[in-house]
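Take a look at the structure below.
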Amino acid sequence: MANVLLSEAEKTYILHGIQKDYRNDGRTNSDYRPMELETDVVVHAMGSARLRLANTDILVAVKADIDVPLPDRPKEGRLEFFVDCSANATPDFEGRGGEELATEIANTLSKAYLSQQAFDLSPLCILARLQCWKLYIDILILECGGNLFDAVSLAVKAALSNTKLPRVSSAELDGGAMDIILTDDPYDCERLNIQSAPLLVTVCKIGDHSVIDPSAEEEECSAISVVVGVSYSKEGEGSITSIRTSGEGSFHADTLNKSLDLGVSAGAYLNNALMAALKSDEEKNTKPLGEKDIFGFLK
């Protein structure tokens, strides 16, 4: 994460505000900042989305190719994440400064999506052991204003929801080679079921308190944070698919359990708001996730 220069007085001010459940921007410790979501923004991609979370700006594009299933998953498709930290986002990303962060985000997403319970890849299989769809998910960080993991996961889920794959009209073996015919009708396409696609929720420990959706300044005041990957069923039941900690501090066992519970609860509210926005986005191109949608989910 890009470093933010703060004096000790500024850090103390932030800490005292969090102790009183009142943050610099007026939020409580359990509030998200307003978000704005757009889908279908990249013309030549199978699916795309752009998400703005305060000063954080993420663009995701999904491309597809036909590949061979993995040997240990012969009846499933494949996902591959690529993250690029634009040098325009922060001076720290110039040169190779953003490569480590990009690798961390890509690896965290891969682990969160690894479980079949999190995201079913079987619909991407064309012929078991022979051919499948491989989705390349390209993530571009245009601006960095804190809470990158959450913002990236939201944009990825929205882009997957927007993804349209051409329907396979026939697939058969012809002389030992695969013969696959795709439909020519641009409106005859298949959509992905992204209901259970996981979200990443960052719970940041500052002093003796935990906050949701930390800003860049709050991340600088934190000794440790945990990123929880959570998948939700249609019934709203959450399952943790991955856990990632960062920072030099440590969690007491009770504090860690409370942080995980907070991440699951926060993610459930966030997932419901995102799914509602995506449903609305089928009718209109842009749907902002404003204060009444996101704020105050744990009152």
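The values are calculated or read from the model by the stated rules, or taken from the named source; none is laboratory data. Since this is a predicted model, take the numbers as computed values, not measurements. Please note: Cβ atoms are built from the backbone with ideal geometry, for glycine as well, and neighbour counts cover all protein chains shown. All accessible areas refer to the heavy atoms of the entire protein, side chains included, with ligands and DNA or RNA removed. Shrake-Rupley method; radii C 1.70, N 1.55, O 1.52, S 1.80 Å.
Tabulated results
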| quantity | calculated |
| --- | --- |
| In region 1-33, the residues that are surrounded by fewer than 19 Cβ atoms within 10 Å (Cβ to Cβ) and outside any loop (DSSP other than H, G, I, E, B) | Glu8, Ala9, Glu10, Lys11, Thr12, Tyr13, Leu15, His16, Gly17, Gln19 |
| Residue that is least open to solvent (accessible area, probe 1.4 Å) [pool: residues in region 230-285 that are free of Cβ contacts under 8 Å to residues at least 24 places away in the same chain, under 27 Å from Asp40 (Cβ atoms) and within 17 Å of the chain's Cα centre (by Cα)] | Ala273 |
| Residue count for region 97-155, restricted to those that are over 28 Å from Gly236 (Cα atoms) and in contact with a Cys (Cβ under 7 Å, 6 or more places away or on another chain) | 6 |
| Strands (runs of 3 or more DSSP E) (entirely within region 176-292) containing at least 3 residues that are at pLDDT below 85 | 177-182, 286-289 |
| Odd one out for Ala45 among (1) within 21 Å of Thr108 (Cβ to Cβ); (2) of a type in the set (Gly, Ala, Ser); (3) assigned to a loop (DSSP other than H, G, I, E, B) | (1) |
| Unique match (being open to solvent by less than 80 Å² (accessible area, probe 1.4 Å), at pLDDT 85 or above and within 22 Å of Val227 (Cα to Cα)) among Leu121, Leu109 | Leu109 |
| Within region 60-78, tally of residues that are out of contact with any Leu (no Cβ under 8 Å at 6 or more places or on another chain), in contact (Cβ under 8 Å) with a residue 40 or more places away in the chain and among the acidic types (Asp, Glu) | 2 |
| Index of the failed condition, Leu127 passing every other in (1) closer than 18 Å to Thr241 by Cβ; (2) without any contact (Cβ under 8 Å) to a residue 60 or more places away in the chain | (1) |
| Candidate set: region 50-66, residues that are open to solvent by 20 Å² or more (accessible area, probe 1.4 Å) and either at pLDDT below 90 or of a type in the set (A, V, I, L, M, F, W, C) (or both); chosen: the one farthest from Asp150 (Cα to Cα) | Ile66 |
| Identity of the residue in region 108-157, basic (Lys, Arg) and touching a helix residue (DSSP H, G or I) at 6+ places or on another chain (Cβ under 9 Å), that ends up farthest from Glu36 (Cα to Cα) | Lys134 |
| Every pair of residues 6+ apart whose Cβ atoms lie under 8 Å, when the first sits in region 4-16 and is under 20 Å from Asn55 (Cβ atoms) and without any contact (Cβ under 8 Å) to a residue 60 or more places away in the chain while the second is open to solvent by 70 Å² or more (accessible area, probe 1.4 Å) and part of a loop (DSSP other than H, G, I, E, B) | Tyr13/Asn24 |
| In region 234-260, the residues that are polar (S, T, N, Q) and under 22 Å from Leu148 (Cβ atoms) | Thr241, Ser242, Thr245, Ser246, Ser259 |
| Residue count for region 147-175, restricted to those that are modelled with pLDDT under 70 and part of a helix (DSSP H, G or I) | 0 |
| Flag if Glu80 is farther than 30 Å from Glu218 by Cα, surrounded by fewer than 22 Cβ atoms within 10 Å (Cβ to Cβ) and modelled with pLDDT of 95 or more | yes |
